[in-house]
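Report on one structure; see the data block that follows.
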Amino acid sequence: MGRKVYIDGKIMDDTEAKISVFDHCFLYGDGVFEGIRAYSGRVFKLGEHLERLFRSAKAISLEVPMSREDLAAAIDKTLQASGLRDAYIRVVVSRGVGDLGLDPRKCPKPSVVIIVGTIELYPEELYENGLAIITASTRRTPPDALNPRIKSCNYLNNILAKIEGIRAGVMEVLMLNQWGRVAECTGDNVFRVSGRVVETPPPEAGILEGITRGVVMELVRDAGLAVRERDLTLYDLYSAEEVFITGTAAEVIAVTKIDGRPVGSGKPGPVTSDLRARFRKLVTSGGPGAKTG
Ligand code: PMP
């Protein structure tokens, strides 16, 4: 029982797992990845994650060297080998080993790495009281430079914003896009609640279309509220009744302070709490959303 790693067909202990320094994912961040959760031995939304992985790969002209079915089987096998029932699964497809120089043609064989381990979650106290965030001065990468819809192995843009957050003593950071509109947080999507309407920026705002974001949009509809994608400004967040963020690691968590200003009452609101409860029920019940595939 413990962390296991799959590299190009072989499963090994984490301490044995090594890749070449000439791998272009290491040299240039030339690769794509996914972060997935398993709950009670079931991989959550595996089909959606694989879909996004293959789309990301396609967008950078990288051919995933195995079929979706084989990759799904490899993920399952690595999960079984770890003995973990609640796990965090990182899938990386790298351009592979080449030489020094950007040319991807120098990398004849892409590599597939699957890491199965545990996840570090926000402390429970933050789910009860909400998260304080700040707005980063670092803008999200413009979609016409490198579209944030591609979940690429180059996360420096997000890391620069994360460093701003660390210096400010907060655990997540809001990023605006090149037009000054709300994009997303460094590893989470953002939503606002006003009345019976829940809003989130559209993909064209330059965001990663989170799998959790998609699930939560469905849960909003199930709850009988309206959900809408709309360009949002900081004003829209400052003036919202509730703000929350979503992500594979965070699930659904209230944001109760932005740039030192309390959001709404300054406590997690009823819509956020209801959506969090619905999300927890979905992942713990093994309902349709929790099936493999
Ligand atoms: N935005 C960014 C930049 C992320 O890295 C993530 C986490 N993968 C998300 C949003 C949330 O996406 P998901 O719900 O698929 O984890």
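Here's the yes/no breakdown for (1) among the hydroxyl-bearing types (Ser, Thr, Tyr); (2) surrounded by fewer than 17 Cβ atoms within 10 Å (Cβ to Cβ); (3) in contact with a helix residue (DSSP H, G or I) (Cβ under 6 Å, 6 or more places away or on another chain); (4) at pLDDT below 95:
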position: ARG140; (1), (2), (3), (4): no, no, no, no
position: CYS153; (1), (2), (3), (4): no, no, yes, no
position: ALA168; (1), (2), (3), (4): no, yes, no, no
position: MET175; (1), (2), (3), (4): no, no, yes, no
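Remark: GLU209 falls outside the filter, which requires a residue to be within 16 Å of the ligand (Cβ to nearest atom), more than 12 Å from the chain's Cα centre (by Cα), more than 23 Å from ASN129 (Cβ to Cβ) and modelled with pLDDT of 95 or more.
Here's the yes/no breakdown for (1) within 16 Å of the chain's Cα centre (by Cα); (2) modelled with pLDDT of 95 or more; (3) within 16 Å of the ligand (Cβ to nearest atom):
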| residue | (1), (2), (3) |
| --- | --- |
| THR186 | yes, yes, yes |
| VAL197 | no, yes, no |
| THR200 | yes, yes, yes |
| LEU219 | no, yes, yes |
| TYR238 | no, yes, no |
| GLU251 | yes, yes, yes |
| GLY266 | no, yes, no |
| ALA277 | no, yes, no |
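Restricting the search to strands (runs of 3 or more DSSP E) fully inside region 158-275 and requiring at least 3 residues that are over 17 Å from THR141 (Cα atoms) gives 189-194, 197-200, 226-229, 242-247, 251-258. Going by the structure shown, is VAL255 under 18 Å from THR135 (Cβ atoms), touching a strand residue (DSSP E or B) at 6+ places or on another chain (Cβ under 7 Å) and within 16 Å of the ligand (Cβ to nearest atom)? So VAL255 passes the test. The set of residues from region 87-120 being surrounded by 13 or more Cβ atoms within 10 Å (Cβ to Cβ) and farther than 17 Å from TYR6 by Cα comprises GLY98, PRO104, LYS106, CYS107, ILE119.
Does region 1-10 contain at least one residue that is within 21 Å of ALA249 (Cα to Cα) and surrounded by fewer than 14 Cβ atoms within 10 Å (Cβ to Cβ)? Even if it seems obvious, please write down each step before you answer.
Here is the first cut: in region 1-10, the ones within 21 Å of ALA249 (Cα to Cα) are 2-5.
After this cut, where a residue has to be surrounded by fewer than 14 Cβ atoms within 10 Å (Cβ to Cβ) as well, the list is 2.
So far as region 1-10 goes, yes, one or more of its residues are within 21 Å of ALA249 (Cα to Cα) and surrounded by fewer than 14 Cβ atoms within 10 Å (Cβ to Cβ).
Only one of the listed residues (ALA59, ALA87, ALA72, ALA17) is of a type in the set (Gly, Ala, Ser), in contact (Cβ under 8 Å) with a residue 24 or more places away in the chain and either in contact with an Asp or Glu (Cβ under 8 Å, 6 or more places away or on another chain) or over 24 Å from GLY210 (Cβ atoms) (or both). That residue is ALA17. May I ask you to list the residues in region 187-226 that are of a type in the set (Val, Ile, Thr) and in contact with a Leu (Cβ under 9 Å, 6 or more places away or on another chain)? VAL190, VAL193, VAL197, VAL198, THR200, VAL215, VAL216, VAL220, listed by residue number. Are any of the residues in region 50-65 in contact with a Leu (Cβ under 8 Å, 6 or more places away or on another chain) and more than 14 Å from the ligand (Cβ to nearest atom)? Within region 50-65, one or more residues are in contact with a Leu (Cβ under 8 Å, 6 or more places away or on another chain) and more than 14 Å from the ligand (Cβ to nearest atom). Scoring GLY35 on the criteria (1) within 16 Å of the ligand (Cβ to nearest atom); (2) out of contact with any Leu (no Cβ under 9 Å at 6 or more places or on another chain); (3) without any contact (Cβ under 8 Å) to a residue 40 or more places away in the chain leaves a single failure, condition (3).
With respect to THR233, is the statement that it is of a type in the set (Ser, Thr, Tyr) and either within 16 Å of the ligand (Cβ to nearest atom) or in the same structural domain as PHE26 (by TED's automatic domain parsing) (or both) true? Working first, answer last.
Working: of a type in the set (Ser, Thr, Tyr): yes; either within 16 Å of the ligand (Cβ to nearest atom) or in the same structural domain as PHE26 (by TED's automatic domain parsing) (or both): no.
Judged against the criteria, THR233 is not a match.
Yes/no per residue for (1) assigned to a helix (DSSP H, G or I); (2) aliphatic (A, V, I, L, M); (3) farther than 22 Å from LYS18 by Cβ; (4) at pLDDT 95 or above:
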position	(1), (2), (3), (4)
ASP76	yes, no, yes, yes
LEU84	no, yes, no, yes
VAL92	no, yes, no, yes
LEU100	no, yes, no, yes
ARG105	yes, no, yes, yes
LYS109	no, no, no, yes
VAL113	no, yes, no, yes
VAL116	no, yes, no, yes
LEU121	no, yes, yes, no
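Can you tell me how many residues in region 35-51 are in a helix (DSSP H, G or I) and in contact with a helix residue (DSSP H, G or I) (Cβ under 7 Å, 6 or more places away or on another chain)? Before the answer, list the steps.
Step one: list which residues in region 35-51 are in a helix (DSSP H, G or I), which gives 46-51.
Within this subset, residues satisfying the condition of being in contact with a helix residue (DSSP H, G or I) (Cβ under 7 Å, 6 or more places away or on another chain) are 46, 48-50.
The number of residues fulfilling the criteria is 4.
The residue that is surrounded by the fewest Cβ atoms within 10 Å (Cβ to Cβ), counting only those in region 75-86 that are polar (S, T, N, Q) and more than 13 Å from ASP8 (Cα to Cα), is GLN80.
The values are calculated or read from the model by the stated rules, or taken from the named source; none is laboratory data. Model, not experiment: these values are computed from the prediction. Quick reminder, even Gly has a Cβ in these numbers, built from the backbone with ideal geometry, and neighbours come from all protein chains shown.
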